[in-house]
Structures are given as C-alpha cells and as structure tokens.
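Comments concern the structure below.
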Amino acid sequence: MLRRALRYLRHRFRSLVGPPQPTCEDRLRQEYLCDYSLFHDYAAFSSGTLYRSATGLSDANLEALISIEYHRLEKGLSHVQRRASFGADAAQRLEDALGEAHARGLGTPITAYAGEVLASYQRELKGSDAPTVGWRTLTRDNVLSASSIDARAFFTSRHSIRCFDPSQPVSIDRIRESISLASHTPSVCNRQTWRVLICQSDQAKQAALALQNGNQGFGHLASHVLIVASDRSCFASIGERNQPWIEGGLFAMSLVYALHAQGLGTCCLNWSVDNQRDAELKKALNIPASYAIAMMIAVGSLPPEIAVAESRRLVADDLMELR
C-alpha cells in the first residue's frame with residue numbers, strides 16, 4: 001500500500017512540474033550529434049583522404065571526387081621538378097570516376113574540365129607539344145603589377161555598414177560580379193563548395209532576418225541579404241568534418257571585400273545558432289539540408305554620410321606568436 005502511494009505521489013509530482021529540462025551539457029551533446037548526422041548523411045567520408053567506391057556515391061559526392069583527383073594532377077603538372085610517373089594513382093582514380101560519371105550521364109562543367117586535364121596529363125607524360133590544360137605559366141612582373149594597389153587604404157576603408165541607402169537598390173549584376181571575384185578564394189582541392197543564396201524579395205529578406213539575431217534597426221534597409229553556405233556533399237574524409245565552416249568563412253570574407261571593391265556597403269551577420277533554428281531557416285527558404293550555413297551578409301548602397309563603429313584593432317604584435 002505504501003509503495004503504491006509513493007508511486008502515485010511521484011507520478012503526480014512529475015505531472016505538475018513537467019519533464020526535467022535538459023542541461024547545457026545535454027543540449028551541447030544534442031547539437032554535436034545533429035552535426036554528426038548531417039556529415040554522416042551527406043559527406044562521402046572515409047578514414048583517410050580517399051573516397052569509398054565511386055559507384056556508391058551520390059552525384060554530388062562523385063563530382064567532388066572528380067575535383068579532388070583532377071586537382072591532384074593539376075598540382076603535379078605545376079611542379080617544376082616532377083617524378084617520372086607522377087600522378088599515376090590519381091589518374092587511374094580519375095579515369096574510373098569519369099567512367100562512372102559517363103555511365104550515369106553526369107555531364108557537368110567539372111566533369112568536362114577534368115577530362116581535359118586527364119588528357120593533358122597523359123599527353124605531358126608522352127612529351128607531347130600539344131597545348132596543356134591544368135597548368136599555365138605566370139611571370140613575377142605580371143603578378144606584382146596586378147596586385148599593386150594601396151592595400152592598407154583598401155583594407156582599412158572597409159567597415160560594417162548599418163545605415164544603407166534604401167533609395168538606391170543594388171543591381172543583381174554587381175552582386176554577381178562580386179561572387180565571381182570571390183570565386184578565386186582558395187578551397188580544399190579546389191572543390192569550391194561555396195553556395196550563395198541571395199534574398200532579394202521582401203518576403204525572403206524578412207524570413208532570413210527574422211531568424212538572425214543581430215540586425216535590428218538596420219537589416220530592413222539592406223537591398224539584399226546573402227546567405228553563405230558550404231555543401232557537405234563535397235567533403236571526403238573524417239578530417240574534413242569542420243571544413244564546411246572553414247570554406248564558408250574564407251569565401252564570405254572574400255565576398256565582403258569584393259562587394260567593398262564594388263563600392264557597396266556590407267554588414268556580416270553571424271549565424272551562430274542551434275540546429276533547430278538552422279532547420280527553420282532552411283525550411284523557410286527551401287535550402288538543402290546538406291548545406292552548412294556559415295553566415296549572412298547584409299548588402300546595400302552607401303549613403304553620403306556613414307556612421308560606423310570605431311572598432312579599434314589589436315596591433316600586429318598582439319596577434320603574433322613566434323616559435
């Protein structure tokens with residue numbers, strides 16, 4: 001009788017106070033498990049740097065594998081000193097992967113270019129004088145001439161803008177040109193995993209900004225909101241589990257400077273959120289689940305006068321550690 005009464009009291013108590021709330025440790029564990037699931041489901045991961053059998057890959061995984069292998073040949077072709085039979089393993093894997101792509105009818109700019117690189121590599125081994133694909137020669141003077149800008153003035157003139165001029169909408173062509181410039185960002189094995197979702201309708205902008213915590217008071221003035229992401233389907237090894245955010249961050253910074261070079265104002269909007277909010281954004285804007293969202297960027301025209309945060313910088317010596 002007493003045990004029954006105690007069970008009844010425990011049941012009543014739980015019904016009144018509700019289920020126990022997860023601790024911070026519980027929530028952190030859940031977030032990491034969700035990240036694990038996404039990488040597991042979309043990346044063609046292995047224990048090393050090589051993919052599993054090409055036949056078991058999705059089309060996106062297969063295209064990424066082709067990028068890895070053709071870039072291995074490109075790098076070898078650009079070496080001044082080469083081994084006699086450099087790149088043989090990569091060439092064989094690339095040939096097999098291209099065969100699988102052909103069998104699937106997967107013809108893309110990447111597969112076409114990879115085929116050209118493979119053919120050029122094979123010609124190079126035979127000592128052919130035919131034009132090469134996959135490497136080219138630059139001169140030091142060319143590089144120095146093209147890079148001779150006032151770098152300090154350019155870098156120090158960029159600020160986070162929170163007072164856009166809404167009367168001057170930004171043309172999509174200027175954003176497209178900025179993305180084209182940013183596409184020269186380095187990426188792992190030249191896989192170019194970046195994706196930019198451009199919110200230009202009022203509905204899309206409002207949906208994105210409503211879920212981002214940090215644009216109050218100025219976000220509605222932006223001409224466009226860019227969502228920078230990296231596709232997990234392009235990654236291949238367990239060691240690359242954090243690479244989507246590295247790739248997204250590198251590209252986002254290049255994009256911000258490219259927009260700055262176009263005379264446009266930008267404000268980086270962080271996307272440091274839990275997976276539930278990430279899923280809400282993806283649902284609202286029909287963003288593929290495989291995308292790892294790195295950040296948003298508010299873009300707009302500059303007004304005649306601009307108030308900006310002073311944001312004092314640490315000096316270089318504070319950032320350097322010599323070993």
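The values are calculated or read from the model by the stated rules, or taken from the named source; none is laboratory data. Quantities reported herein were computed from a predicted structural model and do not represent experimental measurements. Cβ placement follows ideal geometry from the backbone for every residue including glycine, while neighbour counts extend to all protein chains displayed.
In segment 205-227, which residues are of a type in the set (A, V, I, L, M, F, W, C), surrounded by 22 or more Cβ atoms within 10 Å (Cβ to Cβ) and either at pLDDT below 95 or over 16 Å from Lys282 (Cβ atoms) (or both)? I'd like the intermediate steps shown before the answer.
Of the residues in segment 205-227, the ones of a type in the set (A, V, I, L, M, F, W, C) are 207-211, 218, 221-222, 225-227.
Checking the rest, the ones that are also surrounded by 22 or more Cβ atoms within 10 Å (Cβ to Cβ) come to 208, 222, 225-227.
Selection gives Ala222 alone.
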(request) Among the helices (runs of 4 or more DSSP H) lying completely within segment 201-289, list those that include at least 3 residues that are within 18 Å of the chain's Cα centre (by Cα), within 27 Å of Ser311 (Cβ to Cβ) and of a type outside the set (Val, Ile, Thr). (result) 243-261
(request) Under 6 Å between Cβ atoms, at least 6 apart or on separate chains: pull out the pairs that start in segment 240-266 with a residue that is surrounded by fewer than 18 Cβ atoms within 10 Å (Cβ to Cβ) and end on any residue that is not aliphatic (A, V, I, L, M). (result) Arg241/Phe39; Gln262/Arg174; Gln262/Ser178
(message) If I ask for residues that are surrounded by fewer than 10 Cβ atoms within 10 Å (Cβ to Cβ), not in a loop (DSSP other than H, G, I, E, B) and not acidic (Asp, Glu), which ones from segment 114-161 would you list?
(response) Arg140, Leu144, Ser145, Ala146, Ala151, Arg152, Ala153
(request) State whether one or more residues within segment 232-245 are assigned by TED's automatic domain parsing to the domain that holds Ala207, under 29 Å from Ala151 (Cβ atoms) and of a type in the set (Asp, Glu). (result) no
(request) Pairs only if they're at least six apart or on different chains, beta carbon under 8 angstrom, first in segment 267-290 and not assigned by TED's automatic domain parsing to the domain that holds Gly248, second of a type in the set (Asp, Glu) and surrounded by 14 or more Cβ atoms within 10 Å (Cβ to Cβ); list them, first residue then second. (result) none
